[in-house]
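The numbers here are math on the coordinates, done by the rules we state, and not lab data. Everything numeric here is computed off the predicted structure, so don't read it as measured data. For neighbour counting, all protein chains shown are included, and Cβ atoms are generated from backbone atoms with ideal geometry for every residue, glycine included.
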Amino acid sequence: MGNCISQKTPVFEKTCTKPMQTKPLLCLAKQGISTKYLLYKSIQNQDIETTKKLHYFFSVDPNEEVSIQGYYWTALHYAAFFGSVMHLEYFLKLIYLKQKEHLTEILNLPTVENYTPLMIAAMNGKRVVLELLLKIGGVKLDVKDTKGRTAIDLAKSNGKSNCAEFLEKFMNSKSSSMKLNLDYFKNAEAVLNYTPYNKPVDEKEDEDDPKNLELITKGKRIPCVICQEDTGLIKYTRCCGQPLHSFCVEDKIKNCPYCKCGNLELINEIYHPQRAFEL
């Protein structure tokens, strides 16, 4: 069976024997499985809103290992795999703000097969990702995987000639990496201004409002404010009625992220229909 990593199937979706290799120093393992899965799905679905919520609620770092433990695929690797430029831009700005001194190292983190995000983009034909990474700089172009193949070799062997040709134009025999383009990060602070409020917490709802009865009888329930899914058992914060899955909270959030009160409690009762349903 091997390690089951290929350019076609992300390792999060495989169930394989853990490979033996030393974990890269900057590859983190701080989050629970449910949080990692939500992050993986948000990248796969190009859902940047959920990704931002996960960072806001759980402080998920872009260099968190999202794959099965031991394969070392981080959020950056998956963004490259799925060709999500908006995720890459968001992740790279977060890294710049939080781990600036390690930015270049994180950009070139290897998986168990020694794939960097750039190599994964090349072998999967994600030229738009290559363009972004080369624009930002700091990426190493001559890194080889465990079989001795560079990003260009991987692009060629997988029939991605457009990516191979594009990368060859950037090859420099005197340097194995490009200088980091710090101008790209001039407005990086803007990513920290995100707040995930779906409705004002001071909004007062009239208990006798006929709209509330209509919402409850005819409305569609609003999905979990973290994962944006309405499947499964959705509960509500006792304090302000925000819909959440217990699965998504994962015992990490102690205070309500919306009204900021202490002792977050999820209940089945709906005290705020206008935050639970929509027509």
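Here are the numbers for this structure:
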| read-out | value |
| --- | --- |
| Proxy reagent accessibility, fewest Cβ within 10 Å first, across 157, 84 | 157, 84 |
| Per-residue [θ]222 nm for the chain (sum of -39500 (n - 2.57) over DSSP H runs n ≥ 4, rounded to 500) | -9500 deg cm²/dmol |
| Helical segments meeting 18 Å axial Cα length and Kyte-Doolittle 0.0 threshold in the chain (DSSP H) | 85-98 |
| Estimated distance in nm for a label pair at residue 238 and residue 25, the labels positioned 7 Å out from Cα along Cα-to-Cβ | 4.7 nm |
| Förster radius 22 Å - calculated FRET efficiency between residue 221 and residue 269 (Cβ-Cβ, nearest 0.05) | 0.95 |
| Among the listed pairs 98/260; 52/179; 30/218, those beyond 31 Å (Cα-Cα) | 30/218 |
| Efficiency of FRET from Cβ geometry, residue 193 and residue 168, R₀ 41 Å, rounded to 0.05 | 0.55 |
| Most mobile of 116, 51, 237 in a GNM of the chain (Cα contacts under 10 Å) | 237 |
| Net charge dipole size for the chain [Lys, Arg +1 and Asp, Glu -1 on Cβ; Debye, nearest 20] | 1100 debye |
| Separation of the residue 135 and residue 213 label points, Cα + 7 Å toward Cβ, nm | 5.5 nm |
| Over the chain, relative contact order from alpha-carbon pairs under 8 Å, at least 6 apart, % | 15 percent |
| Identified option (computed Kirkwood radius over Cα pairs in Å; candidates [x] 19.2; [y] 22.5; [z] 20.5) | [z] |
